[in-house]
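J.: My structure is below; once you've seen it, I'll send some questions.
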Amino acid sequence: MDLSELGWDFLFEEAYQQYKHRGLIPAKVGREDRGMYLLLSADGELAGEVSGRFRHEAVSKHDYPAVGDWVVADVLPQEQKATIQAVLPRKSSFVRKVAGGRTEGQVVAANVDVTFIVCGLDGGRNFNLRRTERYLTLARESETDPVLLLNKADLCPDVETCVQQAESVAAGVPIHTVSALKGTGLERIREHLGPGRSAVLLGPSGVGKSALINALLGEKRQTVNTQRKGDLQGRHTTTRRELVVLPDGGIVIDTPGMRELQMWGDEETVAQAFTDIEELAEQCRFRDCKHQGEPGCAVQDAVNQGILDAARFDSYLRLQREMAYVASRQDQRARNEAELKWKNIRKWTRQYYKERGHK
């Protein structure tokens, strides 16, 4: 397998040099399932798992390999198995906060160039502007190029209106109407791919992510289940993140539908995703205006005049609060980890001198 077709370049080659003399090989994570990994290497596919030392030194989920990561590993060729020793530095990563109360990031996909945000135009909850804003915000944080795919266009009676609504929350983002079932619009998706380029498909269950990949492959890779009656939501056809190599170049990462998309990043990322509101804020009387009733607030004036959608403004404020909260928790976690680190160093130092008879 030619690693360059999977995105291997001189930056990864440079990072790999420190491991090369140890006989470790580079490989790309193609699938992850409960701590077991499918690795794609120059010698073919390998079943991998992290080493005991890796597990001991990992601080959080963010440190573990994710689909799309480049890793270095020891290989047992007779068994087609490998032990992952390290993850090479990522050039990008789509990260969300783990579900629940823990302040910890989870890497959904690594080393991707494009984030395809998939919506469904078949009614129900598959076309949700507020959810799209959340995906776009995290795509900005991941430093990838976001692209909005409006799938199932063949089932929509008014595609143009949906496109206009999408444009209202995705200024400057490419928006393509496609149909996995009819095979239309696929050439627009392929324009963002090519040899060595990677993309991740994100969106809730039922929007047709797996169907789009099947259409790009020109074959039925996996069964796409029918929708549930009543809410138009598809059953979970994808249960794990998986990398798929396309025959005409490029790779895509399929992901399970996300029931919960918690934010991860900082307030600056929200500003990048809501440039229309940020431009209005520059016209406010006070530079530190919070847009919460201050006199001369251009943002509130735009809402009152119907220039700015009130729901979009509410989403902007909500995401700002979420990001601010996550950032404060991240700072506290970093302080706690640093304190624990120095506590362990002091403990080791005392033990070291005690064993040598020093006071």
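We did not get these values from a lab; they are worked out from the coordinates using the rules stated. The shown structure was predicted, so the numbers you read here are calculated from the model rather than taken from an experiment. So basically every Cβ, Gly included, is an ideal-geometry build from the backbone, and we count neighbours across all protein chains shown.
J.: Please state the charge dipole magnitude for segment 63-221, taken about the Cα centre, from unit charges on C-beta atoms (+1 on K and R, -1 on D and E), reported in debye and rounded to the nearest 20.
T.: 320
J.: Whole-Hz Karplus ³J(HN,Hα) for segment 32-41, in order, using 6.51 cos²θ - 1.76 cosθ + 1.60 and θ = phi - 60°, x for Gly and Pro?
T.: 10, 8, 6, x, 10, 10, 9, 10, 9, 10
J.: Charges on Cβ only, +1 for Lys and Arg, -1 for Asp and Glu, centred on the Cα centroid of segment 3-87; of Gly52, Trp8, Leu38, which one is farthest towards the dipole's positive end?
T.: It is Gly52.
J.: According to a simple spin-label model (label point 7 Å from Cα along Cα-to-Cβ), what is the distance in nm between Asp314 and Arg125?
T.: 1.7
J.: Say R0 is 22 Å: what FRET efficiency, to the nearest 0.05, do Lys81 and Glu5 get from their beta-carbon distance?
T.: 0.40
J.: How would you order 168-175, 130-137 from highest to lowest mean count of nearby Cβ atoms within 10 Å?
T.: The most tightly packed comes first, giving 130-137, 168-175.
J.: Considering amide H positions built from the backbone, and no H for Pro or chain starts, which residues 5 or more places from Ala86, or on another chain, come under 5 Å of its amide H?
T.: Val72
J.: Something else about it: Long-range amide H contacts for Cys297: which residues qualify at under 5 Å (H placed 1.01 Å from N, peptide plane, sequence gap of 5 or more or a different chain)?
T.: Arg285
J.: Assigning unit charges at the beta carbon (Lys, Arg +1; Asp, Glu -1) and nothing else, what dipole magnitude in debye, to the nearest 20, does segment 1-125 show about its Cα centre?
T.: So the magnitude is around 600 debye.
J.: Once you list every other residue whose beta carbon is under 9 Å from the beta carbon of Ala47, what net charge do they have if Lys and Arg are +1 and Asp and Glu are -1?
T.: Taking every other residue near Ala47 into account, the sum is -2.
J.: Here's a follow-up. Pull out the extension gain between Thr275 and His21, defined as 0.36 nm times the separation in residues minus the alpha carbon to alpha carbon distance; nm, one decimal.
T.: 86.6 nm
J.: Taking the Cα centre of each part, how many Å lie between segment 1-68 and segment 153-167?
T.: If we compute the Cα centre of each part, the gap is 41 Å.
J.: Kindly rank 189-201, 107-119, 278-290, 150-162 from highest to lowest mean number of other beta carbons found within 10 Å of each residue.
T.: Top of the packing list down: 107-119, 189-201, 150-162, 278-290.
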